[in-house]
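Reading through the C-alpha cells given below for one structure.
Coordinate-derived values only; no laboratory data. Quick caveat: nothing in here was measured; it's all calculated off a predicted structure. Ideal geometry is used to build each Cβ from the backbone, glycine not excepted, and the neighbour counts take in all protein chains shown.
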Amino acid sequence: MKTVDFLRVAIKHLNFCEKVLNSSESKDENDLIDIYYILGYVFEGFAVYIAYKLEYGDDKIVWDDLKDIDDDFFDIDFSSASHLAYHDKSFYQGKLVSNLKKAREQGCLDLSQGPDYYINKSYLYSKVSQSSLQGAEMNDKELQKMMLKKLDAVGLNFCVTNHAFNRPRNLVDRCVRPKFHGFVSEYGTLPYFGDPPDIKNAEEAMEYEEQVALIRSWETSFRYKCGDDEHLKEGIKEKITEKNLRKLTECCKKIFELIPSYLPHHKGAKK
C-alpha cells in the first residue's frame, strides 16, 4: 500500500458510514456499534496518512510516495527521524526489513551465515555514517553490532500493524499532534490531530469529551466483544449513540477538508 491508499480507504469507509446514518431505516444497537467500528478505521487511515506525510528531523525527511509502506525494505533514515515503521518485526534480531523475500531480491540480506545474520556489509556501510566508523576497519560482526546499537537508539513509537494509533503516548500523541501544536490554518483547527478547538460552553465541552473518549476507546477487537459487557471499556457503550456517531462523521469530513492546509506534501484523494 502507498500512503495515499490509507487516505482513500478512510474516505471509502467514511462515505459508507455517512450513507448508513443518513438512510431512513431504523438503526438498532448493533448497527450503531458496526458504524462505530468502521469509523475507527477512518481515524486510523487519517492518522497513518498524516504521519507518513509529515516532515521529520533537521533534514525534513518525508516518506517516499513511490514506496509501499507495508512491504518495502525498512527505511532506517525515515524511522530514525520519525520513530515510525509499518511493522515492529522490522527490528526483530536486527533485521532491517519487513518483507524477507523482497529484501533478498534487493540484495539487502545475507543469510549465508545463519538466521541471526541478516544484513549485508555494503548495505550497513551505506547506512552508518563515516563519522561513526571513525576511520577504523571493522569486521562484519563489529559492523553488525554497531548497526544494532543504532537500531536500538531509534526507539519506535508506533507500528502501523499494531492498530494503536489512538493509545496514549502513541502515534497521534507522539508523532502527529506535536507537529500541529500551536498551528491553526486559516480554515480552522484540525480535529483530534491538532490542538483542541475553542469550547464555547459546557454542552460543547461534553460533546467534545465524548468524541475523544470514543476515539480513544476504539480497538480492532471491539466488534467481537460488543456482546460481552465485561470487555467493554467503562462508560463507552452508552456513548455509542446516533448523535455521537454523526458528530464523529462530521469530524472526519472536517479532517479530510483541512488536510491540504496542514500537509504541504499532500497530493490529494477524491471524496
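Quick notes on this structure:
- Of Lys200/Lys253; Lys67/Lys247; Lys53/Lys253; Lys27/Lys179; Lys19/Lys239, pairs whose Cα-Cα distance is over 30 Å: Lys67/Lys247; Lys27/Lys179
- Per-residue 3J(HN,Hα) values for the range 209-214, derived from phi via the Karplus relation 6.51 cos²θ - 1.76 cosθ + 1.60 with θ = phi - 60°, read 4, 5, 4, 4, 4, 5 Hz in sequence order (x marks Gly and Pro).
- Cβ-Cβ FRET estimate between Ser26 and Lys67, R0 fixed at 41 Å, reported to 0.05: 0.35
- Protection proxy ranking of 247-255, 62-70 - average other beta-carbon atoms within 10 Å, highest first: 247-255, 62-70
- Environment charge at Tyr187 (Cβ cut-off 10 Å; Lys +1, Arg +1, Asp -1, Glu -1): -1
- Ile61 long-range amide H proximity, modeled H, under 5 Å: Tyr56
- Distant-in-sequence amide contacts of Phe158, defined by a placed amide H-H separation under 5 Å and a gap of 5 or more residues or a different chain, comprise Ala85.
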